[in-house]
Structures are given as C-alpha cells and as structure tokens.
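The values are calculated or read from the model by the stated rules, or taken from the named source; none is laboratory data. What you are looking at is a predicted structure, and each value in this text was computed from that prediction instead of being measured. Using ideal geometry, Cβ is built from the backbone for each residue, glycine included, and neighbour counts are taken over all protein chains shown. These accessible areas exclude ligands, DNA and RNA; they are computed on the full protein's heavy atoms, side chains included. Shrake-Rupley method; radii C 1.70, N 1.55, O 1.52, S 1.80 Å.
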Amino acid sequence: AQDYAHQAVRDRKFEVIEEICDRYDVDGIELDYIRHPVLFSSVMQGGSATDAEVAIMTSFMDRIRSRMDQLGTRRQRPLLLAARVPDTFDQAKKIGLDVQAWLKQDLVDILILGGGYAHFTLDLQELVELARPYGVPVYPCLSIGKGPPLFKARALASRWYQMGANGIYTWNFG
C-alpha cells in the first residue's frame, strides 16, 4: 500500500492514468479502491481516514476527472471514470473516499459497489437512490470464484436489478 497523503504518490498514480488515457484508445479507467483499500497510514494503523485525508482523495479524483475531460474533448468522445468502492458510504469514508461528494461534484461516471462477498447484506436500494439523481449507474460486485453457485448468482442479480442496480460487476468469474 502507498500512502496517498504524499503528493509524490498521487502524482505517480495520476501520471499512469494520464499516460494510459493519452496514449491508448481506451473508453475509460476503473479505479479499484477495493483491491487494496488502505490508502493512508492512519487506516493501516487501524484508524479511520481524517477529514484532511478524505479531502485529499476528493481532490485527487477531481484532478483525474478534469484531465480525463480534457482528453475526452480532444478525442471528441468522453472518457469514463469508474470507481470500485466499499459497499456503504460510511465504509468508504473510513478509508478516505467521500463517494457522496464525488456524486455531487460529477467526478464519477460509474459506481461499482463492494468486493462481492457480502451479497445478501448489501443495502443496494439506498445507494442506488443516492446515485440516481446524478445519472450515475450502480453496479454491485458479485464474486463468483468463491461466491455462490451460479443459480444463486442469478437470483442475486435478479434481486439487485429489482432494487435498482443497472447491472452487476463480476469478480473472479473463472
């Protein structure tokens, strides 16, 4: 894990994203904040991200969004920004991600929820209703590899669709 409190860490991450978007004909970028959800040393030490750390990540997302918009204008087509975040806004904020601010500030185009392991406890309806006014589609994550058998995955996808999900994001679908 790298500590995003350091400008050099954010600059390097930004450079990689910028290079990919500038050099290759991609449709967008997914920032996976679930794969390694430790963004700050305060969180690694068992605490929650501070307000200052949350502000750092919102500013970082704004920087990425602005650059992607510039590159999209040059290409004459948008570059989409997807973010995979914890499955509750409270959990996201504890690691430094203010997803609600991202929605209000139009920083993300697609919201992917969770690691795919808490299938039946995900309060998806509330999250969908919070994202809907901003036109941001929500895709709950379903881990198939170690998750439920396929018939249960289908039932879950149907349940999530009824709760307002725009689709599902599969993880470890081998």
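At-a-glance table
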| item | result |
| --- | --- |
| Matching option when the condition is in contact with a strand residue (DSSP E or B) (Cβ under 6 Å, 6 or more places away or on another chain), at pLDDT 95 or above and not basic (Lys, Arg), among Glu53, Glu30, Glu18 | Glu30 |
| Pair list, Cβ under 6 Å, 6 or more apart: the range 67-90 residue closer than 17 Å to Asp123 by Cβ, other residue open to solvent by 40 Å² or more (accessible area, probe 1.4 Å) and not in a loop (DSSP other than H, G, I, E, B) | Phe89/Gln100 |
| Number of the condition not met by Ala157 [criteria: (1) at pLDDT 90 or above; (2) more than 21 Å from Pro37 (Cβ to Cβ); (3) not polar (S, T, N, Q)] | (1) |
| Count of residues meeting criterion [hydroxyl-bearing (Ser, Thr, Tyr) and open to solvent by less than 70 Å² (accessible area, probe 1.4 Å)] in the range 140-167 | 2 |
| Cross-chain or 6+ apart pairs with Cβ under 6 Å, the range 39-60 first and farther than 25 Å from Leu81 by Cα, then assigned to a helix (DSSP H, G or I) and of a type in the set (D, E, K, R) | Ser48/Lys94 |
| Index of the failed condition, Gly114 passing every other in (1) within 21 Å of Arg154 (Cα to Cα); (2) open to solvent by 40 Å² or more (accessible area, probe 1.4 Å); (3) of a type outside the set (S, T, N, Q) | (2) |
| Within the range 73-87, considering residues that are in a helix (DSSP H, G or I) and charged (D, E, K, R), the one most open to solvent (accessible area, probe 1.4 Å) | Arg74 |
| Selection count where residues are free of Cβ contacts under 8 Å to residues at least 40 places away in the same chain and not charged (D, E, K, R), scope the range 1-38 | 9 |
